[in-house]
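Input: a single structure, listed below in structure tokens.
The values are calculated or read from the model by the stated rules, or taken from the named source; none is laboratory data. Bear in mind that the values here come from a model prediction, so they are computed numbers and not experimental data. Heads up, the Cβs are rebuilt from the backbone with ideal geometry, glycines too, and the neighbour counts pull from every protein chain shown. Protein only, heavy atoms only, side chains kept; ligands, DNA and RNA dropped before computing areas. Shrake-Rupley method; radii C 1.70, N 1.55, O 1.52, S 1.80 Å.
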Amino acid sequence: MTQSIVVQVGQCGNQVGCRFWDLALREHAHVNKRGLYDEALSSFFRNVDPRKSDGGAFYVGGRIQHLKARAVLIDMEEGVVHGILQGPLREVFDSAQLLTDVSGSGNNWAVGNLRYGSAYRDSIVNKLRKAAEHCDCLQCFFLIHSMGGGTGSGLGTRVLSLLEEEFPDVCRIVTAMYPSAEDDVITSPYNSVLAMRELTEHADCVLPVENQSLVDIVNKISLMSHDAKPGSVLKKESTVTSGQGGVSPTERPFDAMNNIVANLLLNITSSSRFEGSLNMDLNEIAMNLVPFPRLHYLVPSLTPLYTLADVNIPTRRLDQMFSDAFSKEHQLIRADPKHSLYLACALMVRGNVQVSDLRRNIERLRPSLPFVSWNQEGWKTGLCSVPPVGHTHSLLALANNTCVKPTFMKLRDRFTKLYKKKAHLHHYLHVDGMEQNAFSEALSSLSALIEEYHHLDATKARLIPDAPRLSIAR
């Protein structure tokens, strides 16, 4: 069995990461009735002996003693990490794998990337190496951070470059939270575009998640609580609408949004954590979905959108679940993939679903999904036998689709409005090592990325449908 390490950076990254660990423990507790440290647990957790100073680990097959997450927690403010250490999950994290400061990055990419990135470089590398040393077969780093703030965008992408430098052969999958146009951080367009350059250059896969899309989804779920139809209501104190369940005893504004992103991580890691008839290696995601190195932004969509048994509504029929995964209402960015071009697509299904169900639905949906002419069979599928807690099945779709282009264009427009006036630049240029050409180079990188998607989109008009097959008279 392989292992993966989660690196969570900044306030958002740590909140989402903590939610993932909470829900992952629930899943394993639901499945692992014997209390044994099995291969499923070993993929993301160590089983340590608290009586030993070096935290000596127990081998797979023995009793669960003391689980420690394979995680590194980094934030340049103490608040979120301190809250985690005071909460129900405090024993899950190894204090030696935490790194905090007190002053924060002030919503400034340069402070996070250059100032803190340089000051804490050796410490970060040591923590990453230590986490890797505890793995028998390290397969993947999951990096979680936001794009709008200073620590997430700046230090998060500095960590990404360190991962490539120190572990060049280990897959790097980034879950990046993009700010909405109404974001209260004035400099978020600068931070996001500067971070985009790093993501494009150093990540193997990026799963972009838009805050506004999460808000739309949460509002849609919340409407269920006011629906007059019997059985279509949210359960009281559900994990969708509150912090109940392990992270915080009180409701916080972003809990519901964090749950959705944690649900994404639960599904993408399910094949690594549980058995299945058609398990998908994490390495296979980049291998099969990324035909060109820079075009590695994979649009995630989920069904169901909620975790655990949060919503008292009938389970969606299997075929409807597949249709939902390709509707814009279930995308975690505001996009409509059916009106754009697919380079490739992965379907990661959990529950009692047969290969024949997968094939039938792919054939049913194929005519409505425009793929590039040279990769008409660009599907990657995975089946994990263990469904999410409270559901019979679930589906995560990861689409390498040109529908990300409008999101990137809007981000470029917001960047350009500030940059034309050179507004707020002085805050960045006061940081040692930050040069103004970093802005123009980041803008050029984003524009080149948009142009690559545009060239692919231009081929859509030339797509020729399959010629009708001749039928032989009987």
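Among the residues in segment 199-213, are any at pLDDT below 95 and over 21 Å from L418 (Cβ atoms)? Yes: segment 199-213 contains one or more residues that are at pLDDT below 95 and over 21 Å from L418 (Cβ atoms). Taking L463 as the residue in question, decide whether it is modelled with pLDDT under 95, open to solvent by less than 80 Å² (accessible area, probe 1.4 Å) and either in contact with a strand residue (DSSP E or B) (Cβ under 8 Å, 6 or more places away or on another chain) or not aromatic (F, W, Y) (or both). Criteria met by L463.
On inspection, V299 qualifies as buried (at least 22 other Cβ atoms within 10 Å of the Cβ) and at pLDDT 90 or above. Every condition in (1) at pLDDT 90 or above; (2) part of a helix (DSSP H, G or I) holds for V349 except the one numbered (2). Residue count for segment 352-381 under the criterion of being outside any helix (DSSP H, G or I), surrounded by 13 or more Cβ atoms within 10 Å (Cβ to Cβ) and charged (D, E, K, R): the result is 1. Scanning segment 83-108 for residues that are within 27 Å of H427 (Cβ to Cβ) and open to solvent by 20 Å² or more (accessible area, probe 1.4 Å) returns T100, D101, V102, S103, G106, N107.
Among the candidates N47, N14, the residue that is in the same structural domain as D136 (by the TED database) and not in a strand (DSSP E or B) is uniquely N14. Condition check: surrounded by fewer than 24 Cβ atoms within 10 Å (Cβ to Cβ) and either in contact (Cβ under 8 Å) with a residue 60 or more places away in the chain or within 21 Å of Q139 (Cα to Cα) (or both). Does V261 satisfy that? Criteria not met by V261. Residue pairs whose Cβ atoms lie under 7 Å apart, sitting 6 or more positions apart in sequence or on different chains, and linking a residue in segment 59-81 that is among the acidic types (D, E) and surrounded by fewer than 16 Cβ atoms within 10 Å (Cβ to Cβ) to a partner that is at pLDDT below 95 and not in a strand (DSSP E or B), are E78/V102. Summed over segment 274-293, residues that are in contact with a Gly (Cβ under 8 Å, 6 or more places away or on another chain), among the hydrophobic types (A, V, I, L, M, F, W, C) and in a loop (DSSP other than H, G, I, E, B) total 1. Checked against the criterion of being modelled with pLDDT under 95, under 18 Å from the mean Cα position of the chain (by Cα), of a type in the set (A, V, I, L, M, F, W, C) and open to solvent by less than 10 Å² (accessible area, probe 1.4 Å), the candidates I217, I173 yield just one match: I217.
When S242, S238, S232 are checked against the criterion of being among the hydroxyl-bearing types (S, T, Y), at pLDDT below 85 and farther than 30 Å from L85 by Cα, S232 stands alone in meeting it. Check segment 172-188 and report whether any residue there is in a helix (DSSP H, G or I) and under 22 Å from S95 (Cβ atoms). The answer is no, given that none of the residues of segment 172-188 is in a helix (DSSP H, G or I) and under 22 Å from S95 (Cβ atoms).
Is it the case that some residue within segment 149-168 is modelled with pLDDT under 95 and either of a type outside the set (D, E) or not assigned by the TED database to the domain that holds H202 (or both)? Yes, segment 149-168 has at least one match. Among the residues of segment 417-440, what is the count of those that are open to solvent by 40 Å² or more (accessible area, probe 1.4 Å), in contact with a helix residue (DSSP H, G or I) (Cβ under 8 Å, 6 or more places away or on another chain) and either within 10 Å of V193 (Cα to Cα) or part of a loop (DSSP other than H, G, I, E, B) (or both)? The qualifying residues number 5.
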